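The block underneath contains the structure these notes are about, expressed in structure tokens.
The values are calculated or read from the model by the stated rules, or taken from the named source; none is laboratory data. Source: prediction; values computed, not measured. Note that each Cβ is placed from the backbone with ideal geometry, even for glycine, and that neighbours are counted across all protein chains shown. Only protein heavy atoms, including side chains, enter the accessible area calculation; ligands, DNA and RNA are left aside. Shrake-Rupley method; radii C 1.70, N 1.55, O 1.52, S 1.80 Å.
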Amino acid sequence: MYLFVYGTLRKSGGHAAHKLLYHDCIYQSDGYFYGNVYNLGDYPAAIEIENTSTQVCGEIYRILNAKNLFERLDEYEECNTSYPMPHDYLRKTITVYDNEHQPFQAWCYLHNLSID
């Protein structure tokens with residue numbers, strides 16, 4: 001099982017939120033998926049788009065302990081039952097690619113609301 005991160009959770013982003021990944025997953029490689037990323041001010045929001053050449057760049061992690069990891073990440077992304085619906089983000093399995101263009105099925109937090 002894999003996780004794809006593209007924003008504040010990236011190790012290369014230098015944000016403290018990256019520490020949420022410690023202990024429960026291991027960096028696999030850089031990667032991408034087909035879609036668009038938008039700047040919402042303090043953080044980015046990505047959406048998946050099929051049949052596009054636009055790539056959202058990020059990092060792929062191999063998950064070691066999904067239960068612990070997703071409890072923390074769902075809280076961070078405000079998409080658990082503690083937050084009112086609809087949530088800004090939705091955790092979804094998508095196809096991502098490493099730098100050698102090998103596909104992986106990975107969990108990713110995608111923007112769930114209108115970008116307008």
*To the nearest 20 debye, what charge dipole does the chain have about its Cα centre, counting +1 at the Cβ of each Lys and Arg and -1 at the Cβ of each Asp and Glu?*
300 debye
*Where Lys and Arg each count +1 and Asp and Glu each count -1, what net charge lies around TYR89 among other residues with Cβ under 11 Å from its Cβ?*
-2
_Spatial separation of Cα centroids for the range 1-71 and the range 95-116, in angstrom_ = 8 Å
_Using Cα springs under 10 Å in a Gaussian network model of the chain, which residue among GLY35, GLY58, GLY14 shows the largest mean-square fluctuation?_
GLY14
*For the chain, with a Gaussian network of springs between Cα atoms less than 10 Å apart, report the residue from ASN39, ASN99, ASN51 with the top mean-square fluctuation.*
ASN51
*Over the range 1-77, what percent of the accessible surface lies on carbon and sulfur atoms, probe 1.4 Å?*
48 percent
*asked:* Quick check: pseudo-label points 7 Å beyond the Cα along Cα→Cβ at ALA16 and ARG62, how many nm apart are they?
replied: 3.1 nm
*Just flag the GluC sites (Glu not before Pro) in the range 1-81 sitting in loop per DSSP whose Cβ has no more than 16 other Cβ atoms within 10 Å.*
GLU50, GLU78
*Under 5 Å, built H, 5+ apart or other chain: amide partners of GLY35*: ILE49, THR54, GLN55, VAL56
*Add -39500 (n - 2.57) for each DSSP H run of 4 or more in the chain, then divide by its residues: what number comes out at 222 nm, to the nearest 500 deg cm²/dmol?*
-3000 deg cm²/dmol
*Rounded, prolate or oblate: which one fits the range 36-100, using the alpha carbon gyration tensor with axes a ≥ b ≥ c (rounded when a/c is under 1.5, else prolate when a/b beats b/c, else oblate)?*
oblate
_With an 8 Å Cα cut-off and a minimum separation of 6 or more residues, compute the relative contact order for the chain in percent._
30 percent
_Estimated vicinal HN-Hα couplings, Hz - the range 58-74 in sequence order (Karplus 6.51, -1.76, 1.60; Gly, Pro = x)_ = x, 10, 10, 10, 8, 7, 9, 9, 5, 4, 5, 4, 6, 4, 6, 5, 4
*Rounded to whole Hz and in sequence order, give me ³J(HN,Hα) for the range 9-25 from the Karplus expression 6.51 cos²θ - 1.76 cosθ + 1.60, θ = phi - 60°, writing x for Gly and Pro.*
7, 5, 5, 6, x, x, 8, 4, 4, 4, 4, 5, 8, 4, 6, 10, 7
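Against the empirical 2.2 N^0.38 Å scaling, what ratio does the C-alpha Rg of the chain come to? Spell out each step's value before the answer.
Details: Rg = 13.3 Å, N = 116, 2.2 N^0.38 = 13.4 Å.
Normalised by 2.2 N^0.38 Å, the Cα Rg of the chain equals 1.00.
Out of the trypsin sites (Lys or Arg not before Pro) in the range 30-116, which ones are loop residues according to DSSP with at most 13 other C-beta atoms within 10 Å? Before the final figure, lay out the partial values.
Working: sites: ARG62, LYS67, ARG72, ARG91, LYS92; in loops: none.
Sparse-neighbourhood loop trypsin sites (Lys or Arg not before Pro): none present.
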